[in-house]
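Only one structure is covered here, and it is reproduced in the block below.
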Amino acid sequence: MKPRPIALLVTPVLPLPGGSGRALRAWDWLQQLARGHRVHLLVTGAREDWPELPSDYPAETLWPLADSVSITRRLQRLCGLLLPLLALVSTRFVSDWQRWNSSTSLDALEARLAGEAVQRIVVFRLYLQGLGQTLAARFPTAEYDLDLDDLESHTRLSVAQACWRMGYRRDAARGLSTALQYRLIERGLAPGYRHIYLAAGEDAHALPARLRDALACRPNRIALPGTPAPLPEGELGLLFVGTLNYPPNEEAVRFLLNELVPLLNRQLTSPWRLRIVGRHASTELQALSRSMPQVELCTEVDDLGDSYARSNIALVPLFAGGGTKLKTLEGFAHRRAVIATDQGVRGLEAVPGEHYLPARDAGAFAASIVRLAAHPDLAERIAEAGWTLCRQRYARA
């Protein structure tokens with residue numbers, strides 16, 4: 001039997017089915033490639049947090065690259081932040097950009113393949129583009145795809161704005177400069193890729209017209225739970241999920257605690273509880289949540305299914321970020337009514353009032369929560385429509 005062809009997947013994180021948003025997207029890539037290829041997985045991230053992989057892990061070989069690549073040096077990074085236009089001169093001035101620091105791993109990879117043809121190269125995230133270009137030069141017959149996921153420039157600018165609103169002025173300035181660097185790189189992307197993927201199709205307009213034929217939308221996808229848990233009875237459960245040292249998530253939690261909770265205390269007459277699930281909460285957020293008896297901060301949760309089982313409504317009060325939001329898809333997948341801002345549903349084919357309830361401020365969030373609590377039939381209809389959309393459009397096989 002003819003052996004399957006080789007594919008190389010370059011990613012900043014280890015692909016995992018239950019990891020972060022990046023890990024989930026990388027996992028989706030790994031699963032797809034493994035259906036028709038023998039996948040060699042090249043991971044640039046540090047390996048301290050990697051779990052033991054099962055014997056049926058879909059990669060044929062895992063190549064840890066943490067010692068083989070380097071990021072921008074401190075002095076060059078500082079120069080690039082002060083003078084973002086230096087990104088036009090060299091990516092050595094671009095924050096987070098990764099490059100090979102030796103050819104040892106490349107030589108070992110070529111030796112391992114022993115002359116076998118590489119059919120596909122997929123590079124996940126723009127700041128790994130330099131690694132992919134080197135691989136493409138070594139394996140010139142391979143089809144070369146770049147998965148941007150989201151637009152680095154837009155996301156970093158949006159996150160910088162969130163930092164500014166929260167008073168993190170230095171982080172905001174750094175993010176603004178980095179956003180400009182990546183905008184220059186995005187505008188300078190040249191043809192040569194078979195496909196350039198984006199999670200949100202609406203981001204395509206920001207890239208040069210010369211790339212139009214290569215641009216494709218690859219939405220984030222999520223595994224549906226076997227059977228969504230029935231809605232809990234009695235206490236109304238509200239849920240927010242997110243890594244809490246990521247500025248858009250921190251801003252969302254501040255919004256919930258400082259603006260939404262006081263309104264709910266006045267407007268809800270029946271028992272309710274807000275659960276915030278996420279790691280790396282600041283001491284300020286921890287102290288603030290402890291001061292509110294209706295709020296429960298859960299920092300170590302292994303199974304989100306239990307959190308959704310105890311909740312009636314998923315809240316997505318995001319005002320910054322990029323791409324598409326997995327937390328929104330998770331709410332749909334667990335068949336829970338979702339209340340979200342425009343940012344919370346960007347890039348998704350979700351219709352306000354049908355798949356979710358839209359809200360832009362604390363008053364609108366509170367009014368929607370009160371409405372869903374008073375009309376369980378509406379909550380059920382919204383949840384069912386969101387679940388159907390997720391199953392039809394965003395479910396991972």
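Residue pairs whose Cβ atoms lie under 6 Å apart, separated by 6 or more positions or on different chains, with the first residue in the stretch 166-183 and closer than 10 Å to Ser95 by Cα and open to solvent by less than 10 Å² (accessible area, probe 1.4 Å) and the second of a type outside the set (A, V, I, L, M) and assigned to a helix (DSSP H, G or I), are Thr178/Arg156; Ala179/Ser153; Ala179/Arg156; Gln181/Pro84; Tyr182/Glu152; Tyr182/Ser153. From the list Ala229, Ala252, the lone residue that is among the small types (Gly, Ala, Ser), open to solvent by less than 40 Å² (accessible area, probe 1.4 Å) and touching a strand residue (DSSP E or B) at 6+ places or on another chain (Cβ under 7 Å) is Ala252.
Only helices (runs of 4 or more DSSP H) whose full extent lies in the stretch 18-120 are considered here, and the ones with at least 3 residues that are without any contact (Cβ under 8 Å) to a residue 40 or more places away in the chain and either basic (Lys, Arg) or surrounded by fewer than 13 Cβ atoms within 10 Å (Cβ to Cβ) (or both) are 74-82, 104-113. Within the stretch 3-17, being surrounded by 14 or more Cβ atoms within 10 Å (Cβ to Cβ) and in contact (Cβ under 8 Å) with a residue 60 or more places away in the chain holds for Pro5, Ile6, Ala7, Leu8, Leu9, Val10, Thr11, Pro12. Exactly one residue out of Arg138, Arg125 is open to solvent by less than 40 Å² (accessible area, probe 1.4 Å) and either in contact with a Pro (Cβ under 9 Å, 6 or more places away or on another chain) or basic (Lys, Arg) (or both): that is Arg125. Selection within the stretch 242-276: residues that are modelled with pLDDT under 95 and among the β-branched types (Val, Ile, Thr). The member of this set that is farthest from Phe332 (Cα to Cα) is Thr269. From the list Thr44, Thr91, Thr61, the one residue that fits, being closer than 30 Å to Gly278 by Cβ and among the polar types (S, T, N, Q), is Thr44.
Set side by side, the residues Asp306, Asp361 differ, and just one is over 19 Å from Leu268 (Cα atoms) and either open to solvent by 10 Å² or more (accessible area, probe 1.4 Å) or touching a Cys at 6+ places or on another chain (Cβ under 6 Å) (or both), which is Asp306. Look at (1) modelled with pLDDT of 95 or more; (2) within 26 Å of Ala26 (Cβ to Cβ) and you find that Arg335 fails only one, number (2). The set of residues in the stretch 143-157 that are open to solvent by less than 20 Å² (accessible area, probe 1.4 Å) and not hydroxyl-bearing (Ser, Thr, Tyr) comprises Asp145, Leu146, Asp147, Leu148, Asp149, Asp150, Leu151, Glu152.
Can Ser153 be described as in contact with a Gly (Cβ under 8 Å, 6 or more places away or on another chain) and among the hydroxyl-bearing types (Ser, Thr, Tyr)? Quick ask: steps written out before the conclusion?
On the way: in contact with a Gly (Cβ under 8 Å, 6 or more places away or on another chain): no; among the hydroxyl-bearing types (Ser, Thr, Tyr): yes.
Spelling it out, it is not the case that Ser153 is in contact with a Gly (Cβ under 8 Å, 6 or more places away or on another chain) and among the hydroxyl-bearing types (Ser, Thr, Tyr).
The values are calculated or read from the model by the stated rules, or taken from the named source; none is laboratory data. The structure presented is a predicted model; accordingly, all values stated were derived computationally and were not measured. Using ideal geometry, Cβ is built from the backbone for each residue, glycine included, and neighbour counts are taken over all protein chains shown. Quick note on the areas: whole protein, heavy atoms, side chains included, nothing else; ligands and nucleic acids left out. Shrake-Rupley method; radii C 1.70, N 1.55, O 1.52, S 1.80 Å.
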